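Read the figures in this text as sums done on the coordinates, not as results from a lab. Bear in mind the structure is a predicted one, so any value in this text is a computation, not a measurement. As a convention, Cβ positions derive from the backbone with ideal geometry for all residues, glycine included, and neighbour counts pool all protein chains shown.
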Amino acid sequence: MRKDIPFYILFLLTAFHTASCTGQNQKDQPEDKQATAALPDHDPYFIESNVITSAYGPQSITRNIIQDRNGNIWLATWEGIMRYDGQVFSNFTNKDSLRRFHVFAILEASDGNIWFGTIGAGVYRFDGSSFINYTTKEGLANDRVGCIYEDKAGNIWIGTMGGVSCYDGNYFRNYTTKEGLPNNDINSIIEDKNGTFWIGTRGAACHYDGKTFSSITNLTGGSFTNVRTITEDSKGNIWLGGNDGLWRYSNGLFTNFTSNFVGYIYEDSKGNIWTSSESPDSRTAWVLSRYNETALNSGEPIPDQILKQEGMFFGISEDRNGGIWFGTLNGACRYDGKTFNYFKNNEVKD
């Protein structure tokens, strides 16, 4: 994958102090999922499947994976919204007749609701029994959604290809380049321990303090471009991954770990940092790596290469049993420390 690949193709193929979420583009929330019945219900690139339940996992691009408080694994796939209960995979897009669009992002909010971001159908909120769809009709900035985040106050921040939307439970407030964002294509949003928001965009990455957006600069004074993932670890360090490689911000200083393109960053329960990145010796191969917690403060920590293969790796997540899940171009995989289970015809590899 070239580092200058257009973001739109990446999006499709791969793919602050707490601010009040009232103001620009306010609209009431929909009463039910029938509110968007008139909208297009199909993405021409959606991977059609008639399967509702199966012992096997998704067969297409799987962008993000989480485990909810009940132990279920949720997957954002090109086949729609899927859930794994430890026995079978259920496709809710088929089961509940949801609009057929790629699913890109997942968030379990503090109230137990699960949010799903799609490429073209806005976001869905699942309360455990039914789905509610929010789109530009309800005030969302854009129906192509790349990330979803909940801040400390319980507001839901939604990164889209048309800016950032903040939802307070009743209304959306939208932020675009008109309000100071460096770019409207949003990849990642987090709020750090001090209440400052970090936002990764197709252009520069930036901070938001509740009033002003300001560019984040690297060691040479330049901006970070196309930051795909931003996360805060358990020690309060901020990690950024994207076109400029993998960076850590700690005690006011940035440290670079690799210059290869980094798509996802995840901290596991032991404090290890996992990344999915472009291989240093091949533009078509990707590497799943782990920086061990004990080595991160050494002069030049060298990551363990867990897996290298042709094709991209996507969202990384840990389940309550310590298994590491990650998405691929052809489905999902769980790594138990020894073997890789791709959930395809009982396929398990050492």
What distance in nm lies between label points placed 7 Å from Cα along the C-beta direction at ASP336 and LEU307? 1.4
For the chain, build the convex hull from the C-alpha positions and give me its volume per residue in Å³. 130
Charge tally in the Cβ shell below 12 Å around THR196, where Lys, Arg are +1 and Asp, Glu are -1, THR196 excluded: -2
In Å, the Kirkwood hydrodynamic radius from C-alpha pairs for the range 71-197 sits at 14.9
Taking the dipole of the chain about the Cα centre (Lys, Arg +1; Asp, Glu -1; charges at Cβ), the one of GLY86, PHE257, PHE126 that reaches farthest to the positive side is PHE257
More than 12 angstrom separation, counting every C-alpha pair in the range 296-341; what % is that? 68
Given charges at Cβ of Lys, Arg, Asp, Glu: the range 154-289 dipole, positive-most of ILE199, ASN243, LEU181: LEU181
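How big is the Rg/Rh ratio for the range 208-350, C-alpha atoms only, Rh by Kirkwood, two decimals?
0.99
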Once all Cα-Cα distances of the range 41-92 are split into 10 Å bins that start at 0, what whole-number percent is in each one? 26, 57, 16, 1
For the range 153-197, the convex hull over Cα atoms projects on average to an area in nm² of 3.4
Rg followed by Dmax, in Å, when the range 64-119 is reduced to its Cα trace: 10.6, 28
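With viscosity set to 0.890 mPa s and temperature to 25 °C, compute the Stokes-Einstein D of the range 194-243, Rh being the Kirkwood radius across alpha carbon pairs; µm²/s, no decimals.
Calculated translational D: 218 µm²/s.
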Would you compute, from DSSP H runs of 4+ residues alone, the mean residue ellipticity of the chain at 222 nm, taking -39500 (n - 2.57) per run and dividing by the full residue count, rounded to the nearest 500? -500 deg cm²/dmol
Candidate aspartates and glutamates for bridging to LYS270, where Cα separation is under 17 Å - those fewer than 8 sequence places away on the same chain excluded: GLU232, ASP233, GLU293, ASP304, GLU318, ASP319, ASP336
Taking placed amide H atoms and a strict 5 Å upper bound, the residues 5 or more places from ARG228 or on another chain that come that close are GLY241, GLY242, ASN243
Expected vector for the range 138-143, Karplus 3J(HN,Hα) from phi with 6.51, -1.76, 1.60 and θ = phi - 60°, integer Hz, x for Gly and Pro, equals 8, x, 4, 4, 7, 7
Exposure proxy order (Cβ contacts within 10 Å, fewest to most) of ASP185, ASP68: ASP68, ASP185
Quick check for me: using +1 on Lys/Arg Cβ and -1 on Asp/Glu Cβ, what's the dipole size of the chain about its Cα centre, in debye to the nearest 20? 400
Selection from PHE172, GLN305, ASN70, by position along the positive dipole direction of the chain (Cβ): GLN305
